[in-house]
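> First the structure, which I've put down as structure tokens, then a few questions once you've had a look.
A short reminder: the numbers here are calculations on the coordinates, not readings from a lab. Note that this is a predicted model, so its numbers are computed, not measured. With ideal geometry, Cβ positions are generated from the backbone for all residues, glycine too; neighbour counts draw on all protein chains shown.
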Amino acid sequence: MNYFELFSLLPSYDVDTALLADRYRELQRAVHPDKFANASEQDKRLSVQRTAQINDAFQTLKNPIQRAEHLLALKGVELSHESTTLKDTQFLMQQMEWREALEDIADSNAPEDDIAALYDSFEQYAKQITAELKVLLISDVEVDHLQAADQIRKLKFMAKLQDELTRVEDSLFD
């Protein structure tokens, strides 16, 4: 299913999240199970299914990484349930540096500064990847779609690493 069509949006990496939220509320009002309380069992079941579908679509479109994956899926490239690894040695080296920096925070004399530096590094790298990803997602060339998939894999890794950094930060300052 094309989630962009469901929300009457043009397929794009950039989405107006306020408009997305408005359309979500409109769709939910139209199919909410409470509206079908006196309907047939089949209509009740369809309402619940449609509500779940709208929820899934909304969660996908409001998350930039999931939105990018959905855009690729619409072009025939499925990333979910795959085990492809990145072959970008420069990114793999950067990963190792980030991991080492993350591990060193616990023994640091200035953990706040180290945490801030890592957040800044993640943000700068993610901006670069996202800029490249936007261009690749517009393309109709298959090789660009495969490169976009690699950029999404990088963003997924960075999201996990950022979650780890948040946990380290919470454990140090709580």
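> Checking a compactness column here: for the stretch 3-62, what do you get for Rg(Cα) / (2.2 N^0.38 Å), N being the number of residues?
Dividing the Cα Rg of the stretch 3-62 by 2.2 N^0.38 Å gives 1.21.
> Moving to a separate point now. With +1 on each Lys and Arg Cβ and -1 on each Asp and Glu Cβ, and nothing else charged, work out how big the dipole of the chain is about its Cα centre, in Debye to the nearest 20.
1160 debye
> Now for a separate question. What list of ³J(HN,Hα) couplings, whole Hz, do you get for the stretch 8-25 from phi and the Karplus terms 6.51, -1.76, 1.60, once you set θ to phi - 60° and write x for glycine and proline?
6, 10, 6, x, 7, 5, 8, 10, 6, 5, 5, 5, 4, 5, 4, 5, 4, 4
> Order 52-58, 41-47 from most to least packed using the mean count of other Cβ atoms within 10 Å.
Taking the mean over residues of other Cβ atoms within 10 Å, the ranking is 52-58, 41-47.
> Here's a follow-up. Hey, what does the equivalent ellipsoid look like for the stretch 89-173, semi-axes from the Cα gyration tensor as sqrt of 5 times each eigenvalue, largest first, whole Å?
30, 11, 10
> While we're here: If you average over every viewing direction, what projected area does the convex hull of the Cα atoms of the stretch 1-132 give, in nm²?
Seen from a random direction, the Cα hull of the stretch 1-132 projects 11.9 nm² on average.
> Given contacts defined as C-alpha pairs under 8 Å and at least six residues apart, what's the relative contact order of the stretch 1-141, whole-number percent?
Relative contact order of the stretch 1-141: 22 percent.
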